[in-house]
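Engineer: Can you read through this structure? Questions will come right after.
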Amino acid sequence: MAGAARFVIERFRELYGASPEPRVFLAPGRVNLIGEHTDYNLGFVMPVALDLACCTATAPAGDGRFRVFSENLGESRDWPAAGIASATPARDWGDYVLGVARELVRAGFDVPPRNLLLYSTVPVGSGLSSSAAIEVSTALALLEGRPMEPLELAKLCRRAENQFVGMPCGIMDQFISVFGRDHAAVKIDCRSLEHEVVPLPEGAEFVAVNTMVKHELGSSAYRERVAECAAAVEALARRLPHVSSLRDVSTQALAGFEGAMPPVVFRRARHVTGENERVQAFVAASRSGDLERMGRLLVESHNSLRHDYQVSCEELDFLVDTAVRLEGVYGARMTGGGFGGCAVLMIRPEKTVAVTQALSEAYETGFRLIPEFYPCRPSEGAREVAADSDGSFTAAEG
Ligand code: GLA
């Protein structure tokens, strides 16, 4: 990450001049190990923050504009700083930035004219949460050291995505980008918003593998799933008044209500209740070092997402099916929203090279695409990065 921070400072100076000096804020992407499509059902998730991140450099601007340049896209957007409160979305990448600025203004923070430069190492469209990384690093850049409770920061960024970008996502991505921990996964209770740091056992490595595809269906299907889960809750609440989300139901209890809702709605609900139970089991297996059980839970999660929740795709299924047949693979599953993006593999470390090679060859033969692999090195959450005396960059204090 140090390299990325140095790079954005250099680019910032070239683009906007060296004075005033920019400050740099970084927010990571994530891999979700288990607990998929449970966050907006107020259930459990267990992601890790990655050492892939969005770096945002910022300094005040003298011309009344709020301006942002994306180094990845080579494009810029700018708006009158005085008009942020009444800004409307343009349905492009600038919305992640402008949406966060608008939420900050709504929360009572002044967002004065400034220049921003964004550079992200989180691959876009990979299901590794590149948008939350933009949102959180932008929010920190616009706060520029003004304090905000970490949980408020995560919630504010989610509101920007829900209300400005128009994506009805849960809290997972923004939460882990803020609360990520070195060397550990984080189990999040998406109802209480409490979290638990779960150290990962020795003897296994997690690697994300990118299908390099992102099917168009993704965002409409996401909305559909959110609506189907709400329909399941409505049907259950008619008979069980204490049920206000799928979090309140066990798979066993749900089984008694199969006839109370359309079959497809029942299957969606069954995925969610089962997935919540799998997260709990995965945490227990992780704490006791039961690698085989962790691997089996990953595969069960994938099968449930594939058959009951129906958010997988041919490419993800191929990677998972091929991976689990290779020696040294404990388990694998799709990760993130689905319809493309990444799968996550749990591998015996000494087999990682052989597994990724074999998988790469098989995938290229099958799909004429070369998959990318990203080692999941659990990293700290969002923070400021500062230049130290020898020109390298380290995490700033506090
Ligand atoms: C996307 C959303 C998250 C979560 C996942 C599925 O990444 O942004 O909130 O719902 O899909 O688990």
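Engineer: Would region 236-253 turn up any residue that is part of a helix (DSSP H, G or I), over 20 Å from C190 (Cβ atoms) and of a type in the set (G, A, S)?
Structural biologist: The first filter runs over region 236-253 and keeps only residues part of a helix (DSSP H, G or I), leaving 236-239, 246-248, 251-253.
Checking the rest, the ones that are also over 20 Å from C190 (Cβ atoms) come to 238-239, 252.
Then drop every residue that is not of a type in the set (G, A, S), which leaves none.
Looking through region 236-253, none of the residues is part of a helix (DSSP H, G or I), over 20 Å from C190 (Cβ atoms) and of a type in the set (G, A, S).
Engineer: Still on this structure: Return yes when E216 is at negative phi, surrounded by fewer than 16 Cβ atoms within 10 Å (Cβ to Cβ) and under 25 Å from the mean Cα position of the chain (by Cα) and no when it is not.
Structural biologist: Details: at negative phi: yes; surrounded by fewer than 16 Cβ atoms within 10 Å (Cβ to Cβ): yes; under 25 Å from the mean Cα position of the chain (by Cα): yes.
In short, yes.
Engineer: Ok, one more. Is one or more of the residues making up region 260-276 closer than 25 Å to D189 by Cβ, modelled with pLDDT of 95 or more and in contact with a strand residue (DSSP E or B) (Cβ under 6 Å, 6 or more places away or on another chain)?
Structural biologist: Yes: region 260-276 contains one or more residues that are closer than 25 Å to D189 by Cβ, modelled with pLDDT of 95 or more and in contact with a strand residue (DSSP E or B) (Cβ under 6 Å, 6 or more places away or on another chain).
Engineer: Considering every residue within region 87-106, establish whether at least one is without any contact (Cβ under 8 Å) to a residue 40 or more places away in the chain and of a type in the set (S, T, N, Q).
Structural biologist: So far as region 87-106 goes, yes, one or more of its residues are without any contact (Cβ under 8 Å) to a residue 40 or more places away in the chain and of a type in the set (S, T, N, Q).
Engineer: So, S220, is that one of a type in the set (G, A, S), more than 21 Å from S379 (Cβ to Cβ), in the same structural domain as E275 (by TED's automatic domain parsing) and within 16 Å of the ligand (Cβ to nearest atom) or not? Let's see the steps before the verdict.
Structural biologist: Working: of a type in the set (G, A, S): yes; more than 21 Å from S379 (Cβ to Cβ): yes; in the same structural domain as E275 (by TED's automatic domain parsing): yes; within 16 Å of the ligand (Cβ to nearest atom): yes.
Taking the combined requirement at face value, the residue satisfies it.
Residues are listed down the side, and each one gets a yes or a no for (1) within 30 Å of E144 (Cα to Cα); (2) in contact (Cβ under 8 Å) with a residue 12 or more places away in the chain; (3) among the β-branched types (V, I, T):
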position: M334; (1), (2), (3): no, yes, no
position: G341; (1), (2), (3): no, yes, no
position: R348; (1), (2), (3): no, yes, no
position: V355; (1), (2), (3): no, yes, yes
position: T365; (1), (2), (3): no, no, yes
position: A382; (1), (2), (3): yes, yes, no
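Engineer: From the list P168, P241, which one is within 16 Å of the ligand (Cβ to nearest atom), surrounded by fewer than 24 Cβ atoms within 10 Å (Cβ to Cβ), under 27 Å from F266 (Cβ atoms) and of a type outside the set (A, V, I, L, M)? Quick ask: steps written out before the conclusion?
Structural biologist: On the way: P241 fails: within 16 Å of the ligand (Cβ to nearest atom).
Only one candidate qualifies: P168.
Engineer: Only residues that are more than 10 Å from the ligand (Cβ to nearest atom) and under 14 Å from the mean Cα position of the chain (by Cα): list them for region 156-165, please.
Structural biologist: Within region 156-165, just C157 meets the criteria.
Conditions tested, residue by residue: (1) of a type in the set (S, T, N, Q); (2) under 21 Å from E380 (Cβ atoms); (3) modelled with pLDDT of 95 or more.
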| position | (1), (2), (3) |
| --- | --- |
| P80 | no, no, yes |
| T88 | yes, no, yes |
| T121 | yes, yes, yes |
| S131 | yes, yes, yes |
| V136 | no, yes, yes |
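Engineer: Can you tell me which residue is farthest from E14 (Cα to Cα) among those in region 110-147 that are surrounded by fewer than 16 Cβ atoms within 10 Å (Cβ to Cβ), more than 16 Å from the ligand (Cβ to nearest atom) and not charged (D, E, K, R)?
Structural biologist: Checked region 110-147; the qualifying residue farthest from E14 (Cα to Cα) is P147.
Engineer: Is it the case that G203 is touching a Leu at 6+ places or on another chain (Cβ under 7 Å), over 14 Å from N32 (Cα atoms) and not in a helix (DSSP H, G or I)? So that I can check it myself, show each step before the final result.
Structural biologist: Numbers: touching a Leu at 6+ places or on another chain (Cβ under 7 Å): yes; over 14 Å from N32 (Cα atoms): yes; not in a helix (DSSP H, G or I): yes.
It is true that G203 is touching a Leu at 6+ places or on another chain (Cβ under 7 Å), over 14 Å from N32 (Cα atoms) and not in a helix (DSSP H, G or I).
Engineer: Among the residues of region 368-381 satisfying the criterion of being out of contact with any Phe, Trp or Tyr (no Cβ under 7 Å at 6 or more places or on another chain) and of a type in the set (A, V, I, L, M, F, W, C), which is surrounded by the fewest Cβ atoms within 10 Å (Cβ to Cβ)? Write out each step before concluding.
Structural biologist: Going residue by residue through region 368-381, those that are out of contact with any Phe, Trp or Tyr (no Cβ under 7 Å at 6 or more places or on another chain) are 368, 370, 372-375, 377-380.
Of the ones still in play, those that are also of a type in the set (A, V, I, L, M, F, W, C) are 370, 373.
Numbers: I370: 11, F373: 16.
Result: I370.
Engineer: So which strands (runs of 3 or more DSSP E) stay within region 1-91 end to end and still have 2 or more residues that are surrounded by fewer than 24 Cβ atoms within 10 Å (Cβ to Cβ), in the same structural domain as S304 (by TED's automatic domain parsing) and away from the ligand (no atom under 16 Å from the Cβ)?
Structural biologist: Details: elements: 23-34, 44-60, 65-70, 75-80.
Ranges flagged: none.
The values are calculated or read from the model by the stated rules, or taken from the named source; none is laboratory data. Quick caveat: nothing in here was measured; it's all calculated off a predicted structure. Glycine also receives a Cβ, built like all others from the backbone with ideal geometry; neighbour counts cover every protein chain displayed.
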